[in-house]
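Read through the structure below, which is laid out as structure tokens, and then see the notes.
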Ligand code: NAD
């Protein structure tokens, strides 16, 4: 594995926590390797009649604690390396939140903005068919990720159901409510980012009221995180997406911005001061939330971060080198496997609801989400103080100790 590969970076985070607790070297051999990777070719007919073949992946990193679970990403930069890293992070996240899941991730190398809706539907249905041998509500359960939505999940669910001959709502999470999706799922990751930020401020005996927030990536996670943080009294002063960056030191009107994105699918049409989107990370704020893609804060720019805390809305937005620089500079980092775990917590509730056929009210979903996240935050916080380590290292320790316990009972087959 090359040293700057994303999967290698994910391994380095694992090794750091393993060193801290003198983790069993034999078990580490299992945890440092993905269980299964499937590579597929996905041929579809384009609208102009030509055939195009896309490359797709599904990595099931672990199923020690239960079915593999993780999103599907449509992006030009998707690679085997990326899905392996993302599947590893899903594994640690599910273990940290003590969900009965392992970890998975999938993706297709494509630019969804250049495909029509019928092309996206054919792509999704053919990809589902290609990975069908390793899919199932007790095997591997996909969910939305970058540039996939509840619409995509509906196509996956329908394709799987057509092959099985019966309707199977528990094959995906993040699907539309009418198909058995959970109330509160769409907002859950962003709500979780806001709740974890609130807990961090509480633990530090500080107030969130008036705290300045910058959000990179005003999509599902970033947009909802901004909304819930503004409802908690924080001031969202800068947001960016692929189209550009908006700034207002008096605080942007987040509900209006969300309306703009609903209408135009980007933030740039909103009337506010604009700056270069690369500058978002370096704003003078209290909280920085990278909620777009990986590797945004690294060796070359970590010393320019002015925020006091970075809350990882995205998966893997800080490289291990970037992490070290932030640590030395005293910038706290709330790791992805805790900060953005709200999505998979409600995905689990959605799976439970779909399996039982009994659906919950949104208040019940949100209360359970908050209970689980606050519990996990407290565990990570206490561990970080006890061991005098970063929140990331503490979160990994909780996660891998839990998986080790599973192996102690299950043993290694045969
Ligand atoms: P999304 O597609 O809804 O949003 C991604 C956003 O990032 C878009 O607004 C896009 O314009 C923006 N973006 C892309 N490139 C950018 C750039 N260079 N600068 C600034 N913005 C840029 O995706 P999402 O579901 O919100 O996922 C975002 C991140 O959160 C990913 O890392 C994903 O893995 C992670 N995540 C998502 C969920 C979930 O439930 N959706 C759960 C956990 C983690």
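The values are calculated or read from the model by the stated rules, or taken from the named source; none is laboratory data. Because the structure is a prediction, the values reported are computed rather than measured. Methodologically, a virtual Cβ is constructed for each residue, glycine included, from the backbone with ideal geometry; neighbour enumeration extends over all protein chains shown.
Against the list (1) at positive phi; (2) not assigned by TED's automatic domain parsing to the domain that holds residue 247, the condition residue 295 fails is (2). Here region 233-256 is the region considered, the condition is being under 22 Å from the mean Cα position of the chain (by Cα) and outside any strand (DSSP E or B), and the residue that is surrounded by the fewest Cβ atoms within 10 Å (Cβ to Cβ) is 242. Note on region 1-15: among residues that are part of a loop (DSSP other than H, G, I, E, B) and in contact with a helix residue (DSSP H, G or I) (Cβ under 6 Å, 6 or more places away or on another chain), the one that is modelled with the highest pLDDT is 5. Cβ separations smaller than 6 Å between residues 6+ apart or across chains give the following pairs from region 264-282 residues that are under 20 Å from residue 304 (Cα atoms) to residues that are within 8 Å of the ligand (Cβ to nearest atom) and outside any helix (DSSP H, G or I): 275/245; 277/240; 277/245; 280/216; 280/240; 280/245. Among the residues of region 209-256, those identified as at positive phi and more than 7 Å from the ligand (Cβ to nearest atom) are 210, 233, 244, 251.
Being surrounded by fewer than 24 Cβ atoms within 10 Å (Cβ to Cβ), in a strand (DSSP E or B) and in contact with a helix residue (DSSP H, G or I) (Cβ under 6 Å, 6 or more places away or on another chain) is a property that holds for residue 40.
In the set 392, 402, 371, which member is surrounded by fewer than 17 Cβ atoms within 10 Å (Cβ to Cβ) and not assigned by TED's automatic domain parsing to the domain that holds residue 191?
Every option except 371 fails the conditions.
Please indicate, with yes or no, whether at least one residue in region 188-200 is away from the ligand (no atom under 16 Å from the Cβ) and either under 25 Å from residue 104 (Cβ atoms) or outside any helix (DSSP H, G or I) (or both). No.
If you go through region 111-149 and keep only what is more than 16 Å from the ligand (Cβ to nearest atom), in a helix (DSSP H, G or I) and in contact with a helix residue (DSSP H, G or I) (Cβ under 7 Å, 6 or more places away or on another chain), you end up with 121, 125, 128, 129, 132. Number of residues in region 249-263 that are touching a residue at least 12 places away in the same chain (Cβ under 8 Å), out of contact with any strand residue (DSSP E or B) (no Cβ under 6 Å at 6 or more places or on another chain) and closer than 22 Å to residue 211 by Cβ equals 5.
Per-residue answers, yes or no, for (1) within 22 Å of residue 192 (Cα to Cα); (2) within 11 Å of the ligand (Cβ to nearest atom):
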{"position": "276", "(1), (2)": "no, yes"}
{"position": "285", "(1), (2)": "yes, no"}
{"position": "298", "(1), (2)": "no, no"}
{"position": "301", "(1), (2)": "no, no"}
{"position": "306", "(1), (2)": "no, no"}
{"position": "319", "(1), (2)": "no, no"}
{"position": "325", "(1), (2)": "no, no"}
{"position": "350", "(1), (2)": "yes, no"}
{"position": "355", "(1), (2)": "no, no"}
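Counting the residues of region 21-37 that are within 28 Å of residue 296 (Cα to Cα) and crowded, with 18+ Cβ neighbours inside 10 Å gives 2.
Is one or more of the residues making up region 342-356 farther than 21 Å from residue 102 by Cβ, surrounded by fewer than 24 Cβ atoms within 10 Å (Cβ to Cβ) and not assigned by TED's automatic domain parsing to the domain that holds residue 87? There is at least one residue in region 342-356 that is farther than 21 Å from residue 102 by Cβ, surrounded by fewer than 24 Cβ atoms within 10 Å (Cβ to Cβ) and not assigned by TED's automatic domain parsing to the domain that holds residue 87.
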